[in-house]
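Down below is the structure, laid out as structure tokens.
The values are calculated or read from the model by the stated rules, or taken from the named source; none is laboratory data. Treat the numbers as computed from the prediction; the structure is a model and nothing was measured. Positions of Cβ are generated from backbone atoms using ideal geometry, with glycine treated the same way; all protein chains shown enter the neighbour counts. Areas reflect the complete protein model, heavy atoms only, side chains present, ligands, DNA and RNA absent. Shrake-Rupley method; radii C 1.70, N 1.55, O 1.52, S 1.80 Å.
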Amino acid sequence: MMDVDMSGDSKTTDQTTFRTTISKQQFYYFAITMVTDVETSVEPQQYYDYIMVVLRQWLGVVGAGMSVDILDLKYPRAIIRVPFDRYKAAWQAMTVTPFKQLDGTSAHFQVLRGSAFAMGVVSSSRD
């Protein structure tokens, strides 16, 4: 918004004031995929549990308490949302932490895209 002083006094110069509002981002969004050794299918709750296992393994109690939302799941890909102030830690955990599935096979997550805006991960011009 721009405020302009229009006092009409010819001796004073016009004064322009700019106000900028910078809001802190609340969430960070990731497009991730689950990579496994063998073809398998995973229920949505199980997928979420695997994400929490990875966060707990890498970040301990902080990761276990992190708020994670799965916004879209088309196995093996998902769009997730994490708190903005913890997104770097979540990204690290997703990138480097392997885990075992319930059937004993190895798996890990791969971050495909990350963005402070949901549209940044929903679509890509490179796909």
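What the table shows:
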| read-out | value |
| --- | --- |
| Candidates per trypsin sites (Lys or Arg not before Pro) in the range 45-127, loop by DSSP, up to 10 other Cβ within 10 Å | Arg126 |
| Calculated from backbone phi, Karplus (6.51, -1.76, 1.60) coupling profile of the range 36-52 in Hz, x at Gly/Pro | 10, 6, 10, 5, 8, 10, 10, 6, x, 5, 5, 4, 4, 4, 5, 4, 5 |
| Local electrostatic count at Thr105 - Lys and Arg +1, Asp and Glu -1, tallied over other residues with Cβ under 14 Å | -2 |
| Taking the range 43-120 and dividing mean pair separation by its residue count, relative contact order in percent (alpha carbons under 8 Å, at least six apart) | 23 percent |
| Virtual spin-label span in nm between Asp85 and Gln26, 7 Å along Cα→Cβ | 1.5 nm |
| Calculated FRET value between Val61 and Thr17, using beta carbons and R₀ = 41 Å, to 0.05 | 0.30 |
| FRET efficiency estimate (nearest 0.05) - Cβ-Cβ, Leu73 to Lys100, R0 35 angstrom | 0.95 |
| Where the range 18-77 is the region considered: accessible area per residue in Å², 1.4 Å probe | 66 Å² |
| Three-way shape call for the range 50-114 based on the alpha-carbon gyration tensor, with the a/c threshold at 1.5 | oblate |
